[in-house]
């Protein structure tokens, strides 16, 4: 899994003078060496005066970038990469992805890879709470093979791509304990 690097802006006061700018540059450098997991960027919140420009030129230090605002913006905290799920994936798999990656939302794409919606942690929790109060039902036709995969089981009869819906009963026991009787099952 790729570690996310946070960009942290280091600044002095709003009307930057030489000590404010030098402190931001020095502190960003120090923090970057002490904490290489994050990126520390010196910035300024206003125009530089002539004295500060002269000191930066003489020292060979780069002029800190102007940060025109200090308000947190969506682009400062948004994620650009998410694991996606397909609209036909089992809900349990999406939940496991959320748990594994520490997410509270997973984008859902259709067969063309186009965003079809999102699965939220809240929606997932509500569904499981609702289902825990009564017998589970399949709201949409679901392939028997998908049910088998979610249960991490073995399908003994039927076709894996055959779809079922409504109330479904699952026999979960060791196959050695089953009676050796041939029967046909109609679903």
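Values quoted throughout were computed directly from the atomic coordinates according to the rules given, and no laboratory measurement underlies them. Keep in mind that what you see is a predicted model, and the values were worked out from it rather than measured. For neighbour counting, all protein chains shown are included, and Cβ atoms are generated from backbone atoms with ideal geometry for every residue, glycine included.
Measuring nothing but how far apart in sequence close Cα pairs (under 8 Å, 6+ apart) lie, relative to its length, the chain scores a relative contact order of 12 percent. Would you compute the Debye intensity of the stretch 80-134 from its alpha-carbon atoms alone, equal scatterers and no solvent, and pass along log10 I(q)/I(0) at q = 0.18, 0.20, 0.22 Å⁻¹ to two decimals? Per q value, in the given order, log10 I(q)/I(0) is -0.58, -0.70, -0.82.
Efficiency by 1/(1 + (r/R0)^6): what FRET value for residue 99 and residue 73, r their Cβ-Cβ distance, R0 = 35 Å, to the nearest 0.05?
Details: r = 29 Å, r/R0 = 0.84.
FRET efficiency, residue 99 to residue 73: 0.75.
FRET efficiency for the pair residue 51 and residue 31, taken as 1/(1 + (r/R0)^6) with r the Cβ-Cβ distance and R0 = 30 Å, rounds to 0.70.
Gain on full extension, evaluated as 0.36 nm per residue between residue 23 and residue 163 minus their Cα-Cα distance, stands at 43.8 nm.
I'd like to know how the stretch 7-77 sits against the 2.2 N^0.38 Å rule of thumb: what's its Cα Rg over that expected value? All intermediate terms of the calculation are to be shown ahead of the outcome.
Working: Rg = 12.4 Å, N = 71, 2.2 N^0.38 = 11.1 Å.
So the Cα radius of gyration is 1.11 times the expected 2.2 N^0.38 Å.
Taking the Cβ of each residue in 6, 75 as the centre, tally the other Cβ atoms inside 10 Å and list the residues starting with the fewest. Could you put the intermediate results ahead of the total?
Numbers: 6 11, 75 7.
By the 10 Å Cβ count, ascending: 75, 6.
Solvent-free Debye calculation, one equal scatterer per alpha-carbon of the stretch 1-121: log10 I(q)/I(0) at 0.11, 0.12, 0.15, 0.17 Å⁻¹ equals -0.58, -0.63, -0.76, -0.86.
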